[in-house]
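The values are calculated or read from the model by the stated rules, or taken from the named source; none is laboratory data. What you are looking at is a predicted structure, and each value in this text was computed from that prediction instead of being measured. Neighbour counts run over all protein chains shown; Cβ positions are idealised from the backbone, glycine included. Ligands, DNA and RNA are excluded from the accessible area calculation, which covers all protein heavy atoms including side chains. Shrake-Rupley method; radii C 1.70, N 1.55, O 1.52, S 1.80 Å.
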Amino acid sequence: MIRIALFQPDIAQNTGTILRLAACLGLTVDIIEPAGFPVSDKSFRRSGMDYLDHVSWKRHDDFAAFEAWRAAARRRLVLMTTRAALPYADFAFADGDVVMAGRESAGVPDEVHARADACILVPMRPGLRSLNVAVCAAMVAGEALRQLRAFPAPD
């Protein structure tokens, strides 16, 4: 199964939306600190995230800790970035991929770009800066699950 990683997220509401997406689709979310808001089970519950009992998420103290975990788990890092040339629908996702979204305010630094096994983008009309990070995560997760035939079974 794929995972979604959030690199130093700035906006709690976007993280909440992605956690809800992950809960509904059975995905795990990796949150790489520092974030622009408190990252804890207690703070998420205070925000009214009533689906928190249904999502699996892991907090990483920093990018180095995330990379150590990823190396040990032998997972590919697939970076969503406006600097990529490959549309996400043309990428061949694999079981175990970690799809990363950058900070809403700044994306990811060059060091993270250099560590990515693949960089993908969500194509959009010229002249517009970017889509919301939660929207991109949903689009890419949907395509990855479609390719892997890994959507949860309906009730």
Inset, instruction - State which residue is nearest to the chain's Cα centre (by Cα) when the search covers only region 125-147 and only residues that are at pLDDT below 95 and not polar (S, T, N, Q). - result: Leu131
Inset, instruction - Might you check whether a residue that is touching a residue at least 60 places away in the same chain (Cβ under 8 Å) and either open to solvent by 70 Å² or more (accessible area, probe 1.4 Å) or of a type in the set (D, E, K, R) (or both) occurs anywhere in region 131-145? - result: no
Legend entry - Checking Trp69 against (1) modelled with pLDDT of 90 or more; (2) over 17 Å from Gly107 (Cα atoms); (3) of a type outside the set (Ser, Thr, Tyr); (4) crowded, with 18+ Cβ neighbours inside 10 Å, the condition it does not meet: (4)
Inset, instruction - Those residues that are among the β-branched types (Val, Ile, Thr) and in contact with a Pro (Cβ under 9 Å, 6 or more places away or on another chain), I need them from region 80-138; list them, please. - result: Ile120, Val122, Val133
Inset, instruction - Only one of these is touching a residue at least 40 places away in the same chain (Cβ under 8 Å) and surrounded by fewer than 19 Cβ atoms within 10 Å (Cβ to Cβ): Arg59, Arg74, Arg103, Arg83. Name it. - result: Arg103
Legend entry - Answer residue from region 89-100, given it is within 18 Å of Arg115 (Cα to Cα) and not charged (D, E, K, R) and is surrounded by the fewest Cβ atoms within 10 Å (Cβ to Cβ) among those: Gly96
Inset, instruction - Only residues that are open to solvent by 10 Å² or more (accessible area, probe 1.4 Å) and closer than 24 Å to Asp155 by Cβ: list them for region 4-43, please. - result: Thr17, Arg20, Leu21, Ala23, Cys24, Leu25, Gly26, Thr28
Inset, instruction - Among the residues of region 115-130, count how many are within 15 Å of Asp97 (Cα to Cα) and either of a type in the set (Ser, Thr, Tyr) or loosely packed, with under 15 Cβ neighbours inside 10 Å (or both). - result: 1
